[in-house]
Amino acid sequence: MNKESFEEILKNIGAEEIPADVHKIAQETSNSFSRSLERAKQPKQHIVWEYIMKSRIAKLAAAAVVIIAVLLSINAWDKTTPAAYALGQTVEANHTVRSLHIRDFMPGEDEPKEFWLQFDEQGQVKSVRVYMPEWDSPSDGAKIVVWQNGKAKVWFKKKNALLTVREERLAQQMLGLAYRVDPRLAMERLYGQEQQGKVKVEIDEPSDSAEPIAVTATYEPESSRPGRREVLFVDQVTRLVTAMEVYQLKDNEYEQVGRMEFHDYNQQIDVQMFALDDEVPADVVRVDQTTQEVGLAQENLTDQKVAVEVVRKFFEALIAGDYAKAGQLMEGAPADLIQKQFGQIKFLRIVSVGPAGPHPVPETKGLVVPCILEIDNDGQTIQWKRDQIGVREVYNQPGRWTIFGGI
Amino acid sequence: MKQSERLGIFEKVRAQYSMFLLSVLWKLTGDRELFTEAMQYTLLGMWEHIEKLNGRKAGAYIYRIALSANSRAWRNRIGRNGEFTRSRIDVGKDPSERLDRVELAAKVRKAISQLPDRQGQAIVMRYLEQQDYEAIAGNLRCTQAGARSHVSKALAALKDKLATLA
């Protein structure tokens, strides 16, 4: 590299604009640190400790919520799709889509979410691969999800973690998408809705056969989606839906809220696309919730009581040095990871645990449990207090409860 | 110093230098994960040295803390897998050129993280913050000639480091 190009790179770095999501990351990181300082009353060194631990552990523990995030974010501008198409139409007609690559664009973001769908002979979902860009969750970073045989594997590239969970809804949702873009069923659906007075359908077929046919469905004011407009773009030669745009009426103008592009209809997808185990680094941290019973069984305890028990048993396990047990109670994290994170703290005894209260973020559907422990801090016994340890039901393992969101 | 007093100073400094840290750490890392880690280490460093941040020299300390945090974040990354992640910077004209530039930028950033303290500060002030030599001299508390010397030495050191990284 010559000096000129080297200095040019330095200058380019200096002139680089800071992406909007980096502002957000900075703010989140800074605020989070500040909050941890305000909460902590312990000696200085211990605060440092606590902060590092929290940021590391929280990264992994948050993993289990990602599938939910994926489900919610697929076609986020059209959340009613799965409900409308999940079951009703599957028994009425068989779609003709056998494989598909979808690029889902959000306004203001260059990088799309991407979905690769493979269906079997009966039209049921066989394999799914999802790419979630970093902008979707800056703190998580980019993720790849592969679904097969009722299991979803989520690879958190940034966190170098691979999470496996049981998952059925993802397939159902993808099936809904296939119905929606099936060349035959897509039009049938729109015409059916027009006959029911829900939408007004307009078709613009350009004389130039290279231009796609635009099928515009505008929802009527009295429909369930007033102000909404969907435009399907259909290739004049193949008659395949190549794209779908969705608009919402705002201040008397239709504003685009999303665009999906559909590629590679019925072209075989390389099986390696669905072999995530071959793709992840050898040292990836693996958390498999399908091969173990994660968390604690609720049995006949109330939600509040089982939440307290989970936290109590977690710290009992740490006091006993049973990191496998502690990991099981924390999203099923591997013992060596728990040991790495907590092994340096000498927990002496539990002073108090509970009572459980509502989680400050209701969407988590969790509870928070306060607790006080005694720990050894360089030969001195000090109290270690946590106000809000999150506990909730294990994802797709009803009746079992786990710590989530870090300690 | 009382905890409440420490917290007060920390919040004041955090607010005052938030944009500076955002800008410098992003330019030094160019990668969201590295940036987050460097930001965390910087905040930790600020808290650990909060007594020193309550005076006129606060800015100079923050500089050192931020650069040290950046080096630490890079060391962690290098120790983890030795790989560079590709940032989103877009300085090239075609994709292959862009990729080369991105990788080169990552190498330059990594090399900056390995510079001695004052050379690192000098290069950051001169190129990443685009300060003139008068300002750099003021910040480094040296003459303008001294500032030029630091920048020049830093460039030479970077060139050597990049040769070994290539």
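A few remarks follow.
- Scanning segment B:2-9 for residues that are touching a helix residue (DSSP H, G or I) at 6+ places or on another chain (Cβ under 8 Å) and more than 10 Å from chain A (Cβ to nearest Cβ) turns up at least one hit.
- Segment B:14-68, residues that are of a type in the set (Ser, Thr, Tyr) and either more than 7 Å from chain A (Cβ to nearest Cβ) or surrounded by fewer than 22 Cβ atoms within 10 Å (Cβ to Cβ) (or both): B:17, B:18, B:23, B:29, B:41, B:42, B:61, B:63, B:68
- Filter result (closer than 26 Å to residue A:96 by Cα and out of contact with any strand residue (DSSP E or B) (no Cβ under 7 Å at 6 or more places or on another chain)) within segment A:207-239: A:209, A:210, A:211, A:237, A:238, A:239
- Where a residue in segment A:366-387 is touching a residue at least 12 places away in the same chain (Cβ under 8 Å) and its partner, wherever it lies, is surrounded by fewer than 16 Cβ atoms within 10 Å (Cβ to Cβ) and among the hydroxyl-bearing types (Ser, Thr, Tyr), with Cβ under 6 Å and at least six apart: A:372/A:352; A:374/A:381
- Residue ranges of strands (runs of 3 or more DSSP E) in segment A:116-229 with at least 2 members assigned by TED's automatic domain parsing to the domain that holds residue A:257, among the acidic types (Asp, Glu) and touching a Gly at 6+ places or on another chain (Cβ under 8 Å): none
- Among the residues of segment A:343-394, those identified as more than 23 Å from residue A:324 (Cβ to Cβ) and of a type in the set (Asp, Glu) are A:363, A:374, A:378, A:387.
- Residue, nearest to residue A:189 (Cα to Cα), within segment A:241-298, restricted to residues that are touching a helix residue (DSSP H, G or I) at 6+ places or on another chain (Cβ under 8 Å) and in a helix (DSSP H, G or I): A:272
- Residues in segment A:278-297 that are surrounded by fewer than 15 Cβ atoms within 10 Å (Cβ to Cβ) and within 14 Å of another protein chain (Cβ to nearest Cβ): 3 in all.
- Within segment B:112-124, the set of residues being surrounded by 17 or more Cβ atoms within 10 Å (Cβ to Cβ), assigned to a helix (DSSP H, G or I) and either more than 10 Å from chain A (Cβ to nearest Cβ) or of a type in the set (S, T, N, Q) (or both) comprises B:113, B:118, B:119, B:120, B:121, B:122.
- Residue in segment A:124-140 that is in contact with a helix residue (DSSP H, G or I) (Cβ under 8 Å, 6 or more places away or on another chain), under 21 Å from residue A:333 (Cα atoms) and either surrounded by 18 or more Cβ atoms within 10 Å (Cβ to Cβ) or modelled with pLDDT under 80 (or both) present: yes
- Considering residues of segment A:337-383 that are part of a strand (DSSP E or B) and within 26 Å of the chain's Cα centre (by Cα) only, the residue modelled with the lowest pLDDT: A:358
- Within segment A:192-206, being surrounded by fewer than 14 Cβ atoms within 10 Å (Cβ to Cβ) and touching a strand residue (DSSP E or B) at 6+ places or on another chain (Cβ under 9 Å) holds for A:202, A:203, A:204, A:205, A:206.
- Any chance residue A:31 is surrounded by fewer than 19 Cβ atoms within 10 Å (Cβ to Cβ), within 19 Å of residue B:40 (Cα to Cα), within 10 Å of chain B (Cβ to nearest Cβ) and at pLDDT below 85: yes
The values are calculated or read from the model by the stated rules, or taken from the named source; none is laboratory data. Computed from a prediction, not measured in an experiment: that's the story for all the values here. Positions of Cβ are backbone-derived with ideal geometry, glycine not excepted, and every protein chain shown enters the neighbour counts.
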